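Below you'll find the structure, written out as structure tokens, and then a few comments.
The values are calculated or read from the model by the stated rules, or taken from the named source; none is laboratory data. Treat the numbers as computed from the prediction; the structure is a model and nothing was measured. Don't worry about glycine lacking a Cβ; one is built from the backbone with ideal geometry, like all the others, and counts go over all protein chains shown.
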Amino acid sequence: MAAQTEKMAVPTDAELLKAQADLWRHTLCYLTPMALRCAVELGIPTAIHGLGGTASPTDLIAALSLPPSKLSFLGRLLYQLATAGVFDTTDAGTTYRLNPISYLLVDGVHIDGDACQTAIVRVASSRYYVEAAFGLADWFRKDFDGPVPSPFEDLHGATIFDDSMALLDPEMDKLVHEAKASHNHMGIGLVLRQCHDLFQGLESLTDLCGGDGTTARAIVRAYPQIKCTVLDLPKVIDKAPTEGVVKYVAGDIFHVVPPAQAVLLKSVLHLWSDEDCIKILAQCKKAIPPRGAGGKVIVIDIVLSSASGLMLETHHLVDMLKLVMTRGRQRDEKDWSDIFMKAGFSEYKISKKVGARAVIEVYP
Ligand SMILES: C[S@@+](CC[C@H](N)C(=O)[O-])C[C@H]1O[C@@H](n2cnc3c(N)ncnc32)[C@H](O)[C@@H]1O
């Protein structure tokens with residue numbers, strides 16, 4: 001039976017006024033990342049840190065050698081960022097203080113190593129990313145023969161992390177890898193502190209798409225008995241440190257998964273389509289022993305719908321980023337369950353939520 005269509009009643013004046021203000025906010029909120037990018041490019045968080053953690057716009061004009069004529073403009077930029085939660089402010093904009101968000105934007109900030117996240121801000125607000133999102137409507141209208149490229153791939157003819165990215169713009173490719181490394185770095189220390197049982201008793205582990213080995217080295221520092229192998233693309237492994245603690249293997253996840261008791265897929269599967277994830281997971285299953293011998297795959301990724309409020313908004317913004325940039329996606333629990341079962345696994349458990357991400361243990 002056809003659903004009954006209910007005509008929406010004309011909004012009340014109060015609703016219209018609120019809707020208009022909400023629409024302004026939704027339309028203009030792209031200016032927040034632009035203001036954030038400006039703050040990073042000017043080095044504002046680092047300057048506030050250098051000034052003892054609190055600074056006035058006048059202090060910053062002097063510290064950053066900006067023209068004094070920009071004082072009131074800088075005050076407005078800082079106030080907007082404080083309103084968005086990036087800085088704390090006192091006395092209605094007289095001074096600005098670093099908070100946990102802006103602390104992560106201080107050059108050289110050290111939390112278990114270099115924790116600075118400015119590369120992520122620069123990449124996500126870069127012209128390449130913004131232009132790809134700008135053409136979304138054109139992309140939706142376009143029909144493609146065969147696999148659908150992401151809006152980024154369609155517009156720029158390059159795939160993120162692929163060699164084509166370096167051909168498009170070597171500086172941008174370098175920045176993407178820096179952003180990935182800072183993302184990688186921030187994740188594992190927290191996982192190690194929050195999930196005590198996850199790596200307990202493991203003898204060997206393969207970190208698939210493990211980049212330059214930051215995660216693997218942190219795991220071995222915490223659990224020296226684990227023999228860790230990192231697999232990534234040759235161009236990434238070629239630049240990995242040769243410290244002798246971790247074994248590095250260059251290869252393609254679709255063809256090789258170095259055998260180990262457990263395989264880690266941290267922030268990897270969201271880059272790939274369901275079909276590709278099933279292929280990758282099936283390769284992982286071949287590389288691990290049965291569950292009785294401790295075999296498992298550890299997936300660290302977002303589980304959609306597992307959050308509310310601002311975290312839910314974050315989850316869906318990250319999903320939009322995946323839509324614009326990659327052929328991958330974020331998944332809800334049912335999506336995860338489907339790909340695990342199709343790849344031949346028998347059971348999984350969501351062991352812990354660590355910030356925006358969840359730790360999922362998947363058993364053969
Ligand atoms: C989003 S990063 C994830 C890195 C890391 N696991 C982390 O937690 O941040 C994706 C990684 O996958 C690697 N990669 C992409 N395609 C690959 C492939 N076909 N085979 C192996 N590694 C690949 C990239 O070089 C990059 O290091």
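Pairs, please: C-beta under 9 Å, at least 6 apart or cross-chain, first residue polar (S, T, N, Q) and in the stretch 66-92, second surrounded by fewer than 14 Cβ atoms within 10 Å (Cβ to Cβ)?
Once the first residue is polar (S, T, N, Q) and sits in the stretch 66-92, its partners that are surrounded by fewer than 14 Cβ atoms within 10 Å (Cβ to Cβ) give Gln80/Leu31; Thr89/Thr83.
Looking at Ala137, Ala124, which is the one that is touching a residue at least 40 places away in the same chain (Cβ under 8 Å) and not assigned by TED's automatic domain parsing to the domain that holds Lys322? Don't jump to the end; show me each part of the working.
Details: Ala137 fails: touching a residue at least 40 places away in the same chain (Cβ under 8 Å).
Residue meeting the stated conditions: Ala124.
Being among the β-branched types (Val, Ile, Thr) and either in contact with a Ser or Thr (Cβ under 6 Å, 6 or more places away or on another chain) or within 9 Å of the ligand (Cβ to nearest atom) (or both) narrows it down to one residue among Val257, Val245, Val263; which is it? Let's see the steps before the verdict.
Details: Val257 fails: either in contact with a Ser or Thr (Cβ under 6 Å, 6 or more places away or on another chain) or within 9 Å of the ligand (Cβ to nearest atom) (or both); Val245 fails: either in contact with a Ser or Thr (Cβ under 6 Å, 6 or more places away or on another chain) or within 9 Å of the ligand (Cβ to nearest atom) (or both).
Only one candidate passes the filter, namely Val263.
Taking Arg221 as the residue in question, decide whether it is in a helix (DSSP H, G or I), modelled with pLDDT of 90 or more and within 13 Å of the ligand (Cβ to nearest atom). Spell out how you get there, then give the answer.
Details: in a helix (DSSP H, G or I): yes; modelled with pLDDT of 90 or more: yes; within 13 Å of the ligand (Cβ to nearest atom): no.
In short, no.
Taking the conditions exactly as written (outside the structural domain of Lys296 (by TED's automatic domain parsing), out of contact with any His (no Cβ under 6 Å at 6 or more places or on another chain) and more than 9 Å from the ligand (Cβ to nearest atom)), does Glu178 satisfy them or not? I'd like the intermediate steps shown before the answer.
Working: outside the structural domain of Lys296 (by TED's automatic domain parsing): yes; out of contact with any His (no Cβ under 6 Å at 6 or more places or on another chain): yes; more than 9 Å from the ligand (Cβ to nearest atom): yes.
Answer is yes for this residue.
Look at the stretch 184-212 and say how many of its residues are within 25 Å of Val256 (Cβ to Cβ), more than 13 Å from the ligand (Cβ to nearest atom) and among the acidic types (Asp, Glu).
Residues that pass the stated criteria total 1.
Taking the conditions exactly as written (crowded, with 18+ Cβ neighbours inside 10 Å, touching a residue at least 12 places away in the same chain (Cβ under 8 Å) and more than 11 Å from the ligand (Cβ to nearest atom)), does Thr229 satisfy them or not? It would help to see each step written out before you state the result.
Working: crowded, with 18+ Cβ neighbours inside 10 Å: yes; touching a residue at least 12 places away in the same chain (Cβ under 8 Å): yes; more than 11 Å from the ligand (Cβ to nearest atom): yes.
It is true that Thr229 is crowded, with 18+ Cβ neighbours inside 10 Å, touching a residue at least 12 places away in the same chain (Cβ under 8 Å) and more than 11 Å from the ligand (Cβ to nearest atom).
Just the residues that are part of a loop (DSSP other than H, G, I, E, B), buried (at least 19 other Cβ atoms within 10 Å of the Cβ) and without any contact (Cβ under 8 Å) to a residue 40 or more places away in the chain, please, taken from the stretch 241-296.
Hit for the stretch 241-296 is Val246, nothing else.
Among the listed residues Val297, Val256, Val324, which satisfies the condition of being out of contact with any Pro (no Cβ under 7 Å at 6 or more places or on another chain) and at pLDDT 95 or above? Walk me through how you get there before you give the answer.
Numbers: Val256 fails: at pLDDT 95 or above; Val324 fails: out of contact with any Pro (no Cβ under 7 Å at 6 or more places or on another chain).
Exactly one of Val297, Val256, Val324 is out of contact with any Pro (no Cβ under 7 Å at 6 or more places or on another chain) and at pLDDT 95 or above, namely Val297.
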